[in-house]
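Peer 1: Here it is, the structure, as structure tokens.
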Amino acid sequence: MASLNLLLLVCFGYVALLFGVAFAADRMAAKGRSTWLRSPLVYTLSLSIYCTAWTFYGAVGYAARSGLEFVTIYLGPTLVMVGWWWGLRKLVRIGRSQRITSIADLLSSRYGKSNVLAIGVTILAVIGVTPYISLQLQSITLSFSIFAEADPTRGYHEDSSVIWVAAGLAVFAILFGTRNLDANERHHGVVMAIALEAVVKLVALLAVGIFVVWGLSGGVAGTLARIDASPIGHWRVDGGRWTAITFLAAAAFVCLPRMFQVMVVENDDERHLRTAAWAFPFYLLLMSLFVVPIAAVGLDLMPAWENPDLFVLTVPLSQGREGLAMLSFIGGFSSATSMVIVAAMALSTMLSNHVVMPIWLSSRKQGASQSGDVRKVVLLARRVAIGGIMALGVLYFQLSGGGAALAAIGLISFAGVAQILPALVGGLYWRGATRTGALAGLGIGFAIWLFSLLLPGLGNGLLSSKVMAEGLFGLGWLRPHALFGIEGLDPIVHCVLWSLTLNTMVFCIVSLASFPSPLERLQGAQFVNIYDHSAGPRGWTGSVAQSEDLMVMTQRILGAKDARALFQREAALQGGRGHLPEPTPAFLERLERQLAGSVGAATAHAMIGQIVGGSSVSVQDLLAVADESAQMLEYSSKLEAQSAELSRTAGKLREANEKLTQISLQKDAFLSQVSHELRTPMTSIRAFSEILRDTEGLSQEEKRRYAAIIHDEAVRLTRLLNDLLDLSVLESGQVSLNVSSGPLSQVLDHAVSSALPGDGRALTIHRNREGEEMTLRSDLDRLAQVFINLIANAQKYCDADKPELRIETRVEHDRLLVDFIDNGSGVPVDSQALVFEKFARVGAEKAGGAGLGLAISREIMERLGGDIRYLPGQGGGAFRVVLPGRGKMAAE
Amino acid sequence: MGRSVLLIEDEPNIIEAIRFLLTRDGWEVDTHSDGTDAVEKVRAGRPDLVILDMMLPGRSGMDILRDLRGIDDLKTLPVLMLTARGQARDREMAEKAGVSRFMTKPFSNAEVMTAVRDLVAQASKS
């Protein structure tokens, strides 16, 4: 019987071998001789960390307990690899082009670089994976205990051993996973080591299988007979569980942080996926090949109390095959350690990048000043995180009692991690998916998983039996295993059904209802249409920095003179060969700083990056450039708006000023006119009154004549004043109209008799009495005033030998037209537009009016809602008066 | 010293008043009421003084004054200008154009008479 000491020695030796391999691989990668390290075979083998102690030990136990159902665990990943390899290729492409470091980073990046989402996914992943870590601890502890029971020389305590195992694995993971801090988070050494472990565990399981089939059962036929005899042959297939678990395994294969690490982050070439698509399912097939035979033989040979999870170990031991048992132990150890290393690496990266670093950076005022500083903090954070993750595993192990079947624990983890799936797939294929939607979906799914699967699995400590039986808060529909009243389902199926259904629904509904930020939109487009935005796999092209191109670009930004001065200074600093400096990193850095002052840091970086080649311009660079340009645009459009506003205001002022000037000129002209019109009669009045006063011996005839002149001029003055007041009232709009009804003929009669008082003068008037027979409703006095003015004008200005005036009335388009046409020579064409202006006496100066009559008439007609205008081409002076609505007022 | 006055004015009542006043004072008064041919009238009539209204049909008094001052032997002819427009700018313009005396309507009869006598006396002295 092998002693525990020998076992430990073998373990340490094995670990030392792994270190050696990892170290050598890292050395080779550093030297650049790494072509075979990056082979599709290594990639495929690294994927085998999917097969943990669960599949190594647990699958046999699973088969012994539930028959063929264990196949679902292999079926899920196989379906993904064969049926969704193009989806994985998209993931890998995105991971490379966006420099993704973890699954939390992927979701955060997709949903607008949301740190909240990253933290959420990290927490979910840590809690979700905890049962899984605990599973590894449990399996190693159990396997140790098998050897310890057989070795009486040494006292062995299971409780303390789990802590020792956890501590050992933590140290192991820290040494492997956090030796160096690679910028792109790739670990060639680790990948190589886990590839080796993949081979070891496969060989160990195959060896046990071959021994069982050909050593114990006498060949395939004997084995089949044993299987038929065992209960495994009689298990019937539960469709619900099969579907649910196959789906879970598929989801977990994509969403598990450690799978994402090896599949996406550690991927060197997306073409490797093509190999892995058939090679990995083949690996799984080999791993599962002997599960049923080992389980059947174990059930047949071993006592009923023996834990079927350990048949892989106990069957060889019971047959005295210590060497085989040792190999089997190393296989199980390999399965557990490879999983723990990669999971711890992935989780600690997430924790340090998304939780520790943001807190640390915001707690420091200046931010990261020295890179060495940050490096230390990151490494420390990762090491502490690994310790914490292992501690959580131990805690779960102790809370759950450490007695559950390995497969049951694993499924709890699968269900937890699968909550990431809707947000992940949605993010890859649906541009409308939003951060809020992803957060909401994850939140609800995570909560249901916690409540209906994780917490009930932790025994009575966390959820009381009362809650289990009667529901949360005593609500029957909140029973953890019968949510919303759905009873009788298997807990796993129940949890998966509710958590993923609600998760997906909430994710979709909230996404539709919320609006993505610009960054989310852009990232969404980048992710969904990744093949449009990124080139296929290719290496870096050699960087050919072009000093001349840099010079041209710099000239464009800084101006020719400054650019030349800068380049000459740099060339002198470098030793002065020619006037173009070599594009050394130091020079490029200084140039970038210089340009940043003019065009913004991001733009400067992107421009230099494009010329120097080497680094392609990342989406982040472009986004920053877009931000800067947007700010500049906003600023310039603000300026533009301001200047437009200014010129508008200036225009308005100019217009107002012009108007004022015009009004002022008009006023001056008007006052001047009024002054003239008033002073002229006053001059006569004064002169003749002085003559009457001062002259002696005036004849009676002379006295009467001069007094008559004074009288006439006084009347003229009065009339002028009246007109002025009338016009002023009309123009100010303060006139009150006296509306009444009456026949048009009467208004015209009144006008004619007023305009031509006393004995008939020379003017003959022709009227159309029939047309005038209509009733008007208007201010008839004002209308008569207009008519009087027109008739009086005709009398004054008509220069015909026998002056005649025709007054014609007719209705047209619901308007009343009254035309006044005389037989004189009319108003000269160039004066027609002026006749309605104040004091615009045209032609005969001596007519005696003040020149306000037509101006007043125009104002009156406007008040009455009508119009008055000159009618050209009538053969004489012609005016038309228009009244609306047959004389009805518009204002009525 | 002659005693002839040419009155260029378009208001009949004002013409009658001024003619009455000057005739009684012993002046020989000729009148003209159109602006267009006023300059010709002055050159033909050779009056000792011109009374010129500012606002005339055809041509403004200001333009007539400028024309008169542009004729060699009329540069010193006394011109009494009358205006009914009350603007200070008119006075400035008239003085610049070489008016002898500028009076605003309504005027006092004595003022006009004194101005006519003074202006003709000044002109005959120089």
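The values are calculated or read from the model by the stated rules, or taken from the named source; none is laboratory data. Everything numeric in this text was worked out from a predicted model, so none of it was measured. All Cβ positions, even for glycine, are placed from backbone atoms using ideal geometry, and neighbour counts span all protein chains on display.
Peer 1: Which of the residues that make up the stretch B:46-64 are within 22 Å of residue B:13 (Cβ to Cβ) and either within 14 Å of chain A (Cβ to nearest Cβ) or among the β-branched types (Val, Ile, Thr) (or both)?
Peer 2: Residues satisfying the conditions are B:50, B:51, B:53, B:54, B:55, B:56, B:57, B:58, B:59, B:60, B:61, B:64.
Matching residues to (1) surrounded by 22 or more Cβ atoms within 10 Å (Cβ to Cβ); (2) modelled with pLDDT of 80 or more:
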site	(1), (2)
A:124	yes, yes
A:129	yes, yes
A:137	yes, yes
A:140	yes, yes
A:146	no, no
A:161	no, no
A:171	no, yes
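Quick grid of which residues meet (1) in contact with a helix residue (DSSP H, G or I) (Cβ under 9 Å, 6 or more places away or on another chain); (2) crowded, with 22+ Cβ neighbours inside 10 Å; (3) under 15 Å from residue A:524 (Cβ atoms):
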site: A:95; (1), (2), (3): yes, yes, no
site: A:99; (1), (2), (3): yes, no, no
site: A:105; (1), (2), (3): yes, yes, no
site: A:117; (1), (2), (3): yes, yes, yes
site: A:121; (1), (2), (3): yes, yes, no
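Peer 1: Can you tell me which of (1) crowded, with 20+ Cβ neighbours inside 10 Å; (2) farther than 30 Å from residue A:668 by Cβ is the one residue A:827 doesn't meet?
Peer 2: (2)
Peer 1: May I pose another question? Out of the residues in the stretch B:65-89 that are of a type outside the set (Val, Ile, Thr) and under 12 Å from residue B:53 (Cβ atoms), state the one that is farthest from the other protein chains (Cβ to nearest Cβ). Break it down stepwise before answering.
Peer 2: Our first condition is that a residue be of a type outside the set (Val, Ile, Thr); within the stretch B:65-89, this holds for B:65-70, B:72-75, B:77-78, B:80-82, B:84-89.
Filter once more, so that each one left must be under 12 Å from residue B:53 (Cβ atoms): B:65, B:80-82, B:84-85.
Working: B:65: 18, B:80: 14, B:81: 14, B:82: 8, B:84: 4, B:85: 5 Å.
Filtering first and then ranking leaves B:65.
Peer 1: Moving on to the next point. State whether the residues of the stretch B:37-45 include one that is within 13 Å of chain A (Cβ to nearest Cβ), touching a residue at least 12 places away in the same chain (Cβ under 8 Å) and not basic (Lys, Arg).
Peer 2: no
Peer 1: Okay, moving on. Kindly check whether there is at least one residue in the stretch A:173-183 that is at pLDDT below 75 and part of a helix (DSSP H, G or I).
Peer 2: Scanning the stretch A:173-183, I find at least one residue that is at pLDDT below 75 and part of a helix (DSSP H, G or I), so the answer is yes.
Peer 1: In the list B:83, B:104, which residue meets the criterion of being hydroxyl-bearing (Ser, Thr, Tyr) and surrounded by fewer than 19 Cβ atoms within 10 Å (Cβ to Cβ)?
Peer 2: B:104
Peer 1: Pick from the stretch A:850-864 the residues that are crowded, with 20+ Cβ neighbours inside 10 Å and either within 13 Å of another protein chain (Cβ to nearest Cβ) or assigned to a loop (DSSP other than H, G, I, E, B) (or both): which of them is modelled with the highest pLDDT?
Peer 2: In this case the residue turns out to be A:864.
Peer 1: If you take the residues of the stretch A:664-700 that are without any contact (Cβ under 8 Å) to a residue 40 or more places away in the chain, assigned to a helix (DSSP H, G or I) and among the charged types (D, E, K, R), which of them is farthest from the other protein chains (Cβ to nearest Cβ)? Reasoning before the result, please.
Peer 2: Let us first name the residues in the stretch A:664-700 that are without any contact (Cβ under 8 Å) to a residue 40 or more places away in the chain, namely A:664-669, A:671-672, A:675-676, A:679-700.
Now drop any that are not assigned to a helix (DSSP H, G or I), which leaves A:664-669, A:671-672, A:675-676, A:679-694, A:700.
Narrowing further to those that are among the charged types (D, E, K, R): A:667-668, A:679, A:686, A:690, A:693-694.
On the way: A:667: 12, A:668: 8, A:679: 4, A:686: 4, A:690: 5, A:693: 9, A:694: 7 Å.
Across the stretch A:664-700, the extreme among qualifying residues is A:667.
Peer 1: Residue check: is residue A:722 assigned to a helix (DSSP H, G or I) and outside the structural domain of residue A:684 (by TED's automatic domain parsing)?
Peer 2: The answer is no for residue A:722.
Peer 1: Kindly indicate which of A:822, A:814, A:801, A:781 is crowded, with 20+ Cβ neighbours inside 10 Å and not aliphatic (A, V, I, L, M).
Peer 2: A:822
Peer 1: Need pairs with beta-carbon distance below 7 Å; first residue hydroxyl-bearing (Ser, Thr, Tyr) and within the stretch A:269-281, second not in a helix (DSSP H, G or I); sequence gap 6+ or separate chains.
Peer 2: Partner pairs satisfying both residue conditions: none exist.
Peer 1: Do we find that residue A:749 is out of contact with any strand residue (DSSP E or B) (no Cβ under 7 Å at 6 or more places or on another chain), modelled with pLDDT of 85 or more and more than 14 Å from chain B (Cβ to nearest Cβ) in this structure? Outline the logic, then answer.
Peer 2: Values: out of contact with any strand residue (DSSP E or B) (no Cβ under 7 Å at 6 or more places or on another chain): yes; modelled with pLDDT of 85 or more: yes; more than 14 Å from chain B (Cβ to nearest Cβ): yes.
When the stated conditions are applied, residue A:749 passes them.
Peer 1: Among the residues of the stretch A:711-725, which ones are surrounded by fewer than 18 Cβ atoms within 10 Å (Cβ to Cβ) and either among the basic types (Lys, Arg) or more than 14 Å from chain B (Cβ to nearest Cβ) (or both)?
Peer 2: A:718, A:719, A:721, A:722, A:725, listed by residue number.
Matching residues to (1) closer than 27 Å to residue A:299 by Cβ; (2) at pLDDT below 85; (3) buried (at least 24 other Cβ atoms within 10 Å of the Cβ); (4) not assigned by TED's automatic domain parsing to the domain that holds residue A:101:
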site	(1), (2), (3), (4)
A:158	yes, yes, no, no
A:187	no, yes, yes, no
A:197	no, no, yes, no
A:203	yes, no, no, no
A:217	yes, yes, no, no
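Peer 1: So which residues in the stretch B:21-36 are within 14 Å of another protein chain (Cβ to nearest Cβ), surrounded by fewer than 19 Cβ atoms within 10 Å (Cβ to Cβ) and not hydroxyl-bearing (Ser, Thr, Tyr), if there are any at all?
Peer 2: Selection gives B:24, B:25, B:34.
Peer 1: Any residue at all in the stretch A:701-708 that is surrounded by 17 or more Cβ atoms within 10 Å (Cβ to Cβ) and either at the interface with chain B (Cβ under 8 Å from one of its Cβ atoms) or over 60 Å from the mean Cα position of the chain (by Cα) (or both)?
Peer 2: Within the stretch A:701-708, one or more residues are surrounded by 17 or more Cβ atoms within 10 Å (Cβ to Cβ) and either at the interface with chain B (Cβ under 8 Å from one of its Cβ atoms) or over 60 Å from the mean Cα position of the chain (by Cα) (or both).
Peer 1: How many residues does the stretch B:90-123 hold that are assigned to a loop (DSSP other than H, G, I, E, B) and either touching a helix residue (DSSP H, G or I) at 6+ places or on another chain (Cβ under 6 Å) or more than 14 Å from every other protein chain (Cβ to nearest Cβ) (or both)?
Peer 2: Residues that pass the stated criteria total 5.
Peer 1: Would the stretch A:41-57 turn up any residue that is more than 45 Å from the chain's Cα centre (by Cα) and either crowded, with 18+ Cβ neighbours inside 10 Å or outside the structural domain of residue A:256 (by TED's automatic domain parsing) (or both)?
Peer 2: Yes: one or more hits.
Peer 1: Also, quick follow-up: Is it true that residue A:638 is basic (Lys, Arg) and modelled with pLDDT under 90?
Peer 2: yes
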